[in-house]
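Have a look at the structure below before the remarks.
Only the coordinates and a few stated rules stand behind these numbers; no lab work does. On a predicted model such as this, the values are computed, not experimentally measured, just so you know. Heads up, the Cβs are rebuilt from the backbone with ideal geometry, glycines too, and the neighbour counts pull from every protein chain shown.
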Amino acid sequence: MPRPATEVAGGDGPDGRTPADPSTPRPRARSRRRARADAGGVGPLGLGVATLWLSIIVLLPLAAVVAKSLDGGLPAFWEAITSPPATRALQLTLIVSIVVTVINAVMGTLIAWVLVRDEFRGKALVNALIDLPFALPTVVASIVLLTLIGQNSPVGLDLFATHWAIGIALLFVTLPFVVRSVQPVLLEVEKEAEEAAASLGAGNLTIFRLIILPALLPALVSGAGLAFARAVGEYGSVVLISGNTPRNQVASQYIFDRIETDRPAAAAAMSVTLLLITFAVLLLLRLFTWWRTRNEG
Amino acid sequence: MIAAENVEKHYGDFHALRDVSIEIPDGSLTALLGPSGSGKSTLLRVIAGLEVPDSGAVVISGEDVTHTSPQKRGIGFVFQHYAAFKHMTVRDNVAFGLKIRKRGKDEIARRVDELLEIVGLAGYQTRYPSQLSGGQRQRMALARALAVEPQVLLLDEPFGALDAKVREDLRTWLRRLHDDVHVTTVLVTHDQEEAMDVADRIAVMSEGRIEQVGSPRELYDTPQTEFVMSFLGPTATLRGEVVRPHDLVLSHEKIDDGVAVIIERVVHLGFEVRVELLDEAGERVTAQTTRGRAAELGLYPGQALFVRTARPDQIPAL
């Protein structure tokens, strides 16, 4: 059997890193982190400004709402979020958001795929159209939906004040998240890896499942996470079409309602609950992505 | 045997392959050699099924596979930039084709270990591609391609992304691997030295055509076109005759068909000495000689000499 020369086995990669003997673990993560701080760090001033800004813009308001929610102590907080209207709103919000996120993860990936891999006339237009839900004031989306699927629907589809209407509104406003996260990654997917898989006998579906999807996963998960967070907190696009009946009230409407009826502690309690759920979901997704990609260079 | 018959391929206005026919004997290591844009990679991808020719046929082992998908051609393909499956370990990369073929777990494990041993990556099973050097990644890619026991191994500039030193080691290693494994191999390269070092047959390509096919020696000694002559090594023109610089004989005495020249520059390159000459008409000619011969002649710039082309009987046979 031919054995490669030792120079080959220890040869430098194009990135100049010298791989060590397989038996010795390499302190890779640590040296990388240090290298980054040396090369492009902003220094203590930059760090200070960033921390201060984050504190004023993000942490301070959050702290205020948390403090408000605990006005009546923990028991009052618990009572506020376990009251039937609160749990009903929370349940509805979470279920619809999860369903909408899953649908948009699939459809968003498909649309990104078409935009990256297919050539057709009007592609630039479609590409621009994707951002419309971002750009449009959400209440406009609500009016559009009200005209289309409201009580005077021109297509005879009256979904006013149903869960469906909420779902459709959320699908509309969260679509761009997945498309825009997946699209750039899909552009970068190495065509040669797909061809290599094909030459080894993998069919198109297998190639997608084993080669492309793992590459897209971090972007897909982060896009879906953002879509979920947006869906959980969405107000404007839902406000008109949902009818705001007690059985068809999403969490944000519940909050607005408590404020209107002068129960700010209950509003704050629900706000903090939404905050915690969203934060936990984003954190979990991030951990999942880190865990999946920890070995890729 | 693999054969391409009258293959034509266009990319828009670009005529990538012009009526290309070539036969690649079983067990050979054939290099497709040519400058970039000569169509060599396109021809390889047509053989692999990664490109469909506009017309013509591809035959592998007597079977017309022109319209067979790459999945079903029984090929192994190695890319210039490794095309590693980044999210998989070395073991899973090499096992990929076997898993697709639904081989048993034990068989896959045994075969993967065996292949990693062959390519010198034993012990690297649980590494990820990002933890390997370029040369190691390419050897992993080779193991992955060999795992499915392909009828043909197709290598597209496999050493193109590597450092010069690693590249030289790997091609010696590939040559030995081929002697052991004996799989019919087609290698695409733009590096004539690499082609002559590794391949037993070379097809020189230019502008979508095959210029000449033959052994490295044949192509070097009896090139049929000026393109082959100039692509396979340096050339010198003396009185309109194109020869290799080492076929120019220098001498102090006036010789029959000699041309009077003045030495412009003497460049010592180790064993080889390059002598840049200027003839009476002011034309530049570069001759190549050995260190010993140069010392014998005592060459120095400004010196007047005579130069002629060596007669074929004076070219020492190897």
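Pairs of Cα atoms under 8 Å, at least six residues apart: use those to get the relative contact order of segment A:63-180, whole percent. Numbers along the way, then the final one.
Values: 71 pairs, mean separation 36.4, N = 118.
Over segment A:63-180, the number comes to 31 percent.
Backbone phi angles across segment A:52-59, fed through the Karplus curve with coefficients 6.51, -1.76 and 1.60 (θ = phi - 60°), yield HN-Hα couplings of 4, 4, 4, 5, 5, 7, 10, 5 Hz in residue order; Gly and Pro are listed as x. For the pair A:L287 and B:R265, a Förster radius of 60 Å applied to the C-beta separation gives a FRET efficiency near 0.35, rounded to the nearest 0.05.
So for each of A:170-183, B:264-277 I average, over its residues, the number of other beta carbons within 10 Å; can you give me the resulting order with the highest mean first?
In decreasing order of mean packing, A:170-183, B:264-277 become A:170-183, B:264-277.
Take each residue in B:126-134, count the other chain C-beta atoms within 10 Å of its C-beta, and the mean is 6. For segment B:35-43, backbone phi angles converted through the Karplus equation (6.51, -1.76, 1.60; θ = phi - 60°) give residue-by-residue couplings of x, 5, x, 7, x, 5, 5, 4, 4 Hz, Gly and Pro being listed as x. Taking every alpha-carbon pair under 8 Å whose residues sit at least 6 apart, chain A reaches a relative contact order of 26 percent. Between A:I259 and A:S83, the simple spin-label model (points 7 angstrom out along Cα→Cβ) gives 1.7 nm.
Size check on segment B:55-204: the Cα extents along the three principal axes, sorted descending, read 41, 38, 26 Å.
Annotation: extensible slack from A:K68 through A:V155 equals 26.7 nm (criterion: 0.36 nm per residue apart, minus Cα-Cα distance). Counting pairs of alpha carbon atoms under 8 Å apart in space and at least six apart in sequence, what relative contact order in percent does chain B give? RCO, chain B: 18 percent. Under conditions of 10 °C and 1.306 mPa s, chain A yields 69 µm² s⁻¹ as its translational diffusion coefficient, taking Rh as the Kirkwood radius over Cα pairs in the Stokes-Einstein equation.
Quickly estimate the mean residue ellipticity at 222 nm for chain B, helices only: each DSSP H run with n ≥ 4 gives -39500 (n - 2.57), and the total goes over all residues, rounded to 500.
-8500 deg cm²/dmol
Using bins of 5 Å that start at zero, the share of Cα-Cα pairs per bin across segment B:124-174 amounts to 4, 18, 29, 23, 18, 6, 0, in whole %. Each peptide in A:233-242, B:284-293 gets a packing score, the mean of other Cβ atoms within 10 Å over its residues, and the list from highest to lowest is A:233-242, B:284-293. Other protein chain C-beta atoms within 10 Å of residue C-beta, averaged over B:91-100: 3.
Please state, as a whole number in µm²/s, the translational diffusion coefficient that the Stokes-Einstein equation yields for segment A:106-183 at 37 °C and 0.692 mPa s, with Rh defined as the Kirkwood radius across alpha carbon pairs. D, rounded to a whole number, is 239 µm²/s. All alpha carbon pair distances within the protein assembly as shown were sorted into 10 Å bins beginning at 0; the resulting P(r) in whole percents reads 3, 12, 17, 17, 15, 13, 10, 6, 3, 2, 1, 0.
For segment B:116-126, backbone phi angles converted through the Karplus equation (6.51, -1.76, 1.60; θ = phi - 60°) give residue-by-residue couplings of 5, 4, 4, 8, x, 10, 4, x, 9, 3, 9 Hz, Gly and Pro being listed as x. Across chain B, counting alpha-carbon atoms alone, Rg and Dmax equal 23.8, 78 Å. For chain A, the longest principal axis of the Cα atoms and the long axis of helix A:251-260 meet at an angle of about 40 degrees. Estimated from helices alone, the mean residue ellipticity of chain A at 222 nm is -22500 deg cm²/dmol (sum of -39500 (n - 2.57) over DSSP H runs with n ≥ 4, per residue).
With a 10 Å cut-off between alpha carbons and a GNM built on chain B, which of B:V152, B:V119, B:V94 moves the most? Of B:V152, B:V119, B:V94, the Gaussian network model singles out B:V119 as fluctuating most. The angle between the Cα long axis of helix A:84-117 and the longest principal axis of the Cα atoms of chain A comes to about 40 degrees, rounded to the nearest 10.
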